[in-house]
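Undergrad: Take a look at the following structure, please.
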Amino acid sequence: MRPSEHASRGPRGVWRTLGITRKLGLAFLLLLALVVLVSLAALAALALVDSAENEMVQSMEIRQKVFEMDGEREKARRFYQSFLLSYPEIGFFRAQETYGQPAFATAARVIALSEELKRLITGSSVSANLRRRNVDMALYLSFSRRFSAILMQNMELLTSLAEPENGLWVRMDRAMASLEAALAGSRNLSLLLREANVFAKQYRLTRQRPQMQSAFNVLTRLRAQLPADPALDAPRRAEAAALLDGYVALADKLLDTHEVIRSTFNDFVLQARAVDPVSQELKEASSAEVERARTRIAWVGRAAGGLVVAATLFGLACAVAIAYAINASVTRKIADMTRRAAELRAGNLEITVAAEPGDELGELGATFNAMTQRVRDLVENLEDNVRQRTAELDEKNRELDRTNRTLEVLSQTDRLTGLCNRRRLDQALRAELRRAKRYRKPFSVIMIDVDHFKEVNDRHGHQVGDDVLVRLADIFAGLARETDTVGRWGGEEFLVVCPETGPDVARNLAQRLRAEIEETVFPVAGRLTASFGVAASAEEDDPDALVQRADTALYRAKQHGRNRIETF
Amino acid sequence: MRNRKRTIKTLAALLVAGGLAFACSSDAPPPCADPLGCVELARGAPVRLGVIQALSGKVAVLGREQVRGLELALARQDGRIAGRETVLAVEDTGCRPEGGANAALKIVSDPSVAAIFGTTCSGDAATAAQVMTEAGLSMISGNNSAPFLTSIGGVRAPKWQPGFLRTAPNEEHAGPAAARYAYDTLGMRTAATIGDGDIYTRGLTDGFRQEFERLGGKVVLYATVNKDDTDMAPVLDAVAASRAQMLFFPLFQPEANHVLLQARRAPGLQDLVLMSDGALIEQSFIDAVGHAATGMFFVGPTPPPTSPAVERLEAEYRARYGESPPTSYHLSAFDAAGILLAAIAKTAQTLPDGSLRIGRQALRDALYATKNHAGVTGSLSCDGFGDCAAPRFDVLRLDDPALGVAGLKANAVSSYAP
């Protein structure tokens, strides 16, 4: 079949045209496709869940890192502030050990965390939403690194400021002490120096530049008075001037350092202002991602379950449909054929099956129909033959019956006279003897012999003799009673069996017969007579004995002159 | 055997040629070859410009002027660059170095930012430019004038950063202009300076001192105040003690206000000649200090002469913002924006897939290659240090605060061009 024909017939038509093997193959292929579909759905669900889990883990790690970095940054800031506040009281080294070094370590940890966070963010498993926030991420990382860098830089500045051996404060104190020593000889200058030192100490407390400016102003006055102070000699004045310059230089440096440190605080504030919202957003975004991933996993689970259930239901529906289709196109046809075959076996030759072309069953159906047609044809021919043969047989049977009947007649009839023959007479004698014995009703027999019949034959020939015998038979048959049996006993002897007849009645019958014979003129032979012997049956008699007695009586009739009747 | 080898070679050549033809026919854009990388903008994505200005505090008016100059320049081209809409990512520096660094960090975190327009204060510019340079971007300012940012004496300045350009004149010559006027015209021979530690004021005070002392004068006090200081008495005491004839204090508001007002009340400073810088040539300063500023001198860039271009821009300014420009820095901002927009338009490449690519080094090169840009302040050409404006400074004197900044700008008592 060409594809265009398939298309024009539609799926059902195409299905019908497919062979059983192809139908089964197609059915199993469809089921296999469903199994594959379910497997693929399960695989896809697993892949999605795996991806979502990775994203969730990544988001949780990112959130954890952001939390950690926030915490570490805050910790570093607190260490730094504690260092700043505590070193004047507990000493630089102890403050550095307690707060400074942990601040360094924490700042380094922030940098390390920022690298880890960067690696996480650039990882392949990070969610698209978080990846889209790369600007925030980059900002957060930049600020974290900057925080650490500035913190470390400030720690160095603080060290340069407060280090007990060579820090700016110490050096200023030393310079002040040297100045006090150098100016010790001048009360006026010492007072000025003390005034400047008071401003410097105030600055130390307030960190307000005007305080230090006031100290500078006093030192400027001191410097102005120094050359003219009589209490100091020239070398001492020169030394004091150099010490003043050094002190002012140190103070300038201190002021600059403090300004940098102060700007750092502002920097930290600005950083916090910039980073805290980003940090919060990142935490919220990563939390949202975790939640989203959880939701997605749940959704995927539900979707996969639904898909599997749907595919299973669809598969079941397909299986039912396939079973229905197979049943409709194969099983039902086979069952129908089986039933039809049984009916055929039972003799219903009018059976046909649906034989839709296309598949093997169609061909089988067509073959079955052809076969039943053939059987029908054969059976019809056989019946005709049987009928014909039966008719022929019936005819033969009828012919045979006729023949048999003829034969039976022939076997009990004398062929010349048509009377009973000797065999039939014997049968009649026996039958009457049994009946006489059973019912105790005697019967009689009459033995008849044509007188001088030999002379007739001799004189006129055997044909005339036969004619005489035939005429005599007619006389006997005409005059004998219906119940009597008349037969030719042999030659020219005849025997009449008279049932339930006594010897007297039998003698009368014999008398009528004799008279009729005597009165009859036989052709050619003329007048003839006959002698009669009558005998009646007796108890315990037998045919031979009875006939013997009749014959004996006949003999006596012969003896006594013929044409007469003798009774035994 | 020879034939078989020849066949294999021919097939291999065909395969290679086919592969090349396939590769060439692909729509995938070629990789970015710019040494500093490229800004890649997807089809339809806007061009993002970072704007870092001082938008809070007393100097906010200057920062707003810069933003408005940029907006006016963008408006001239319907807000589009290279056919794309433009989005401004604006950050405030607070006119502090740390503010500049933090603002720049925020801007450069976004890889889609093509360039930065900023800053207002030179101290911010120094820190912001460092971040900008490390990120491979370019930055142009219409307000930064500190010599430390570009060049001093014809050599690279300490805070120079590649990719930083400006249309505000290098104030390397502002200090000398003030010194010349003070020495030659006012006859000053001793002077005190007050800076705030910022590179902007330091550049001015250094330039003033060098020129003043070169002329024969003496800077008897070189003082510093901190930003946010309010008590200026000690430093004014120092000024008084120094017996300086004049005080050059190129500070920003509000420190400059405190200096001026307290100087006017300080004993022994009644005759002190006061001179400041262009940062104070604006109405808010005059409003804040009033008559205390009478007789005070200001050194600042010479505003462009009135021209149809300037008048048109100022008309657009008034139409857009409903007020007259408080300073003339919107002009240099407009020109800075014009140079930047032209360079981006020149550099931007539209790729076959519709995306826009801007090479960062190419943009820098285009900015540095700016020659004879027809700006409202004149013809601008950028040198290798990033200076695009010809230095020319005026010394102004405030005679009548009631006339406002316009009266001040109209009262140029001296002009100096190196």
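Undergrad: Under the condition of being under 29 Å from B:Glu98 (Cα atoms) and in a helix (DSSP H, G or I), which residue from the stretch B:211-244 is farthest from the other protein chains (Cβ to nearest Cβ)?
TA: B:Leu236
Undergrad: From B:Ala45, B:Ala75, B:Ala82, B:Ala89, which residue is farther than 22 Å from B:Tyr317 by Cβ, among the aliphatic types (A, V, I, L, M) and either in contact with an Asp or Glu (Cβ under 8 Å, 6 or more places away or on another chain) or crowded, with 23+ Cβ neighbours inside 10 Å (or both)?
TA: Numbers: B:Ala45 fails: either in contact with an Asp or Glu (Cβ under 8 Å, 6 or more places away or on another chain) or crowded, with 23+ Cβ neighbours inside 10 Å (or both); B:Ala75 fails: farther than 22 Å from B:Tyr317 by Cβ; B:Ala82 fails: either in contact with an Asp or Glu (Cβ under 8 Å, 6 or more places away or on another chain) or crowded, with 23+ Cβ neighbours inside 10 Å (or both).
After ruling out the rest, the residue left standing is B:Ala89.
Undergrad: Would you say A:Ala177 is hydrophobic (A, V, I, L, M, F, W, C), within 14 Å of chain B (Cβ to nearest Cβ), out of contact with any strand residue (DSSP E or B) (no Cβ under 9 Å at 6 or more places or on another chain) and surrounded by fewer than 21 Cβ atoms within 10 Å (Cβ to Cβ)? Give the derivation first.
TA: Numbers: hydrophobic (A, V, I, L, M, F, W, C): yes; within 14 Å of chain B (Cβ to nearest Cβ): no; out of contact with any strand residue (DSSP E or B) (no Cβ under 9 Å at 6 or more places or on another chain): yes; surrounded by fewer than 21 Cβ atoms within 10 Å (Cβ to Cβ): yes.
Spelling it out, it is not the case that A:Ala177 is hydrophobic (A, V, I, L, M, F, W, C), within 14 Å of chain B (Cβ to nearest Cβ), out of contact with any strand residue (DSSP E or B) (no Cβ under 9 Å at 6 or more places or on another chain) and surrounded by fewer than 21 Cβ atoms within 10 Å (Cβ to Cβ).
Undergrad: In the set B:Pro162, B:Pro158, B:Pro234, which member is free of Cβ contacts under 8 Å to residues at least 12 places away in the same chain, out of contact with any Gly (no Cβ under 7 Å at 6 or more places or on another chain) and under 23 Å from B:Ser122 (Cα atoms)?
TA: B:Pro158
Undergrad: Here's another thing I want to ask about it. Any residue in the stretch B:353-370 that is touching a residue at least 24 places away in the same chain (Cβ under 8 Å) and within 14 Å of B:Ala135 (Cβ to Cβ) sitting within a Cβ distance under 9 Å of a residue that is among the basic types (Lys, Arg) and not in a strand (DSSP E or B)? List the pairs, counting only those 6 or more apart or interchain.
TA: Listed by first residue and then by second, the contacts come to B:Leu363/B:Lys346.
Undergrad: Considering B:Ser276, B:Ser284, B:Ser324, which residue is assigned to a helix (DSSP H, G or I), within 17 Å of B:Val61 (Cβ to Cβ) and touching a helix residue (DSSP H, G or I) at 6+ places or on another chain (Cβ under 8 Å)?
TA: B:Ser284
Undergrad: Right, A:Asp70: within 14 Å of chain B (Cβ to nearest Cβ) and in contact (Cβ under 8 Å) with a residue 24 or more places away in the chain or not?
TA: In short, no.
Undergrad: What number of residues within the stretch A:189-238 satisfy the criterion of being away from every other protein chain (no Cβ under 14 Å) and in a helix (DSSP H, G or I)?
TA: Number of matching residues: 17.
Undergrad: For the stretch A:246-253, state whether one or more residues are within 14 Å of another protein chain (Cβ to nearest Cβ), touching an Asp or Glu at 6+ places or on another chain (Cβ under 9 Å) and surrounded by 15 or more Cβ atoms within 10 Å (Cβ to Cβ).
TA: Looking through the stretch A:246-253, none of the residues is within 14 Å of another protein chain (Cβ to nearest Cβ), touching an Asp or Glu at 6+ places or on another chain (Cβ under 9 Å) and surrounded by 15 or more Cβ atoms within 10 Å (Cβ to Cβ).
Undergrad: Assigned to a strand (DSSP E or B) and of a type outside the set (A, V, I, L, M): does that describe A:Arg434?
TA: no
Undergrad: Then there's this: Any chance you could count how many residues in the stretch A:75-119 are surrounded by 21 or more Cβ atoms within 10 Å (Cβ to Cβ) and either hydrophobic (A, V, I, L, M, F, W, C) or not in a helix (DSSP H, G or I) (or both)? So that I can check it myself, show each step before the final result.
TA: The first filter runs over the stretch A:75-119 and keeps only residues surrounded by 21 or more Cβ atoms within 10 Å (Cβ to Cβ), leaving A:76, A:79-80, A:83, A:87, A:92, A:95-96, A:99-100, A:103, A:106-107, A:110, A:113-114, A:117.
Those left that are additionally either hydrophobic (A, V, I, L, M, F, W, C) or not in a helix (DSSP H, G or I) (or both): A:76, A:79, A:83, A:92, A:95, A:103, A:107, A:110, A:113, A:117.
The number of residues fulfilling the criteria is 10.
Undergrad: Any residue in the stretch A:314-322 that is crowded, with 17+ Cβ neighbours inside 10 Å, farther than 30 Å from A:Leu34 by Cα and touching a residue at least 24 places away in the same chain (Cβ under 8 Å)?
TA: No; the residues of the stretch A:314-322 include none that is crowded, with 17+ Cβ neighbours inside 10 Å, farther than 30 Å from A:Leu34 by Cα and touching a residue at least 24 places away in the same chain (Cβ under 8 Å).
Undergrad: Applying the selection to the stretch B:390-416, what residues are touching a Phe, Trp or Tyr at 6+ places or on another chain (Cβ under 8 Å) and either in a strand (DSSP E or B) or among the aromatic types (Phe, Trp, Tyr) (or both)?
TA: Correct list: B:Phe393, B:Asp394, B:Val395, B:Leu396, B:Arg397, B:Val413, B:Ser414, B:Ser415, B:Tyr416.
Undergrad: Within the stretch A:163-174, is there a residue that is farther than 30 Å from B:Val239 by Cβ, aliphatic (A, V, I, L, M) and in a helix (DSSP H, G or I)?
TA: The answer is yes, given that some residue of the stretch A:163-174 is farther than 30 Å from B:Val239 by Cβ, aliphatic (A, V, I, L, M) and in a helix (DSSP H, G or I).
Undergrad: Within the stretch B:75-102, count every residue that is within 21 Å of B:Ser332 (Cβ to Cβ) and in a strand (DSSP E or B).
TA: Residues that pass the stated criteria total 6.
Undergrad: Then there is this: Which ones in the stretch A:480-497 are in contact with a strand residue (DSSP E or B) (Cβ under 9 Å, 6 or more places away or on another chain) and not charged (D, E, K, R)?
TA: A:Ala480, A:Thr483, A:Thr485, A:Val486, A:Gly487, A:Trp489, A:Gly491, A:Phe494, A:Leu495, A:Val496, A:Val497
Undergrad: Taking the conditions exactly as written (away from chain B (no Cβ under 14 Å), free of Cβ contacts under 8 Å to residues at least 24 places away in the same chain, in a helix (DSSP H, G or I) and surrounded by fewer than 21 Cβ atoms within 10 Å (Cβ to Cβ)), does A:Ala241 satisfy them or not?
TA: yes
Undergrad: Taking the options B:Leu72, B:Leu105, name whichever one is assigned to a helix (DSSP H, G or I), within 10 Å of another protein chain (Cβ to nearest Cβ) and out of contact with any Leu (no Cβ under 6 Å at 6 or more places or on another chain).
TA: Only one candidate qualifies: B:Leu105.
Undergrad: Taking the stretch B:370-379 only, how many residues are in a strand (DSSP E or B) and surrounded by fewer than 23 Cβ atoms within 10 Å (Cβ to Cβ)?
TA: Count: 4.
Undergrad: Give me the pairs, please: first residue somewhere in the stretch B:336-352 and assigned to a helix (DSSP H, G or I), second residue anywhere and aromatic (Phe, Trp, Tyr), beta-carbon distance under 8 Å, and either six or more positions apart or on two chains.
TA: B:Ala336/B:Phe117; B:Ala337/B:Phe117; B:Leu340/B:Phe117
Undergrad: I'd like to know if the stretch B:112-127 contains one or more residues that are assigned to a loop (DSSP other than H, G, I, E, B) and either within 22 Å of B:Ser379 (Cα to Cα) or away from chain A (no Cβ under 14 Å) (or both). So that I can check it myself, show each step before the final result.
TA: Filtering the stretch B:112-127 for residues assigned to a loop (DSSP other than H, G, I, E, B) gives B:112, B:119-121.
Keeping just the survivors that are either within 22 Å of B:Ser379 (Cα to Cα) or away from chain A (no Cβ under 14 Å) (or both) gives B:119-120.
The answer is yes; a qualifying residue exists.
Undergrad: Now for a different question. Can you name every residue in the stretch A:265-298 that is buried (at least 16 other Cβ atoms within 10 Å of the Cβ), of a type in the set (Asp, Glu) and more than 14 Å from chain B (Cβ to nearest Cβ)?
TA: A:Glu289
Undergrad: Output the residues belonging to the stretch B:180-210 that are modelled with pLDDT of 95 or more, in a loop (DSSP other than H, G, I, E, B) and touching a Lys or Arg at 6+ places or on another chain (Cβ under 8 Å).
TA: B:Arg189
Undergrad: Still on this model: Could you tell me which residue of the stretch A:335-369 is nearest to A:Leu29 (Cα to Cα), considering only residues that are among the β-branched types (Val, Ile, Thr) and crowded, with 16+ Cβ neighbours inside 10 Å?
TA: Within the stretch A:335-369, the match that is nearest to A:Leu29 (Cα to Cα) is A:Val353.
The values are calculated or read from the model by the stated rules, or taken from the named source; none is laboratory data. Predicted, not measured: the structure shown is a model, and the values here were computed from it. Don't worry about glycine lacking a Cβ; one is built from the backbone with ideal geometry, like all the others, and counts go over all protein chains shown.
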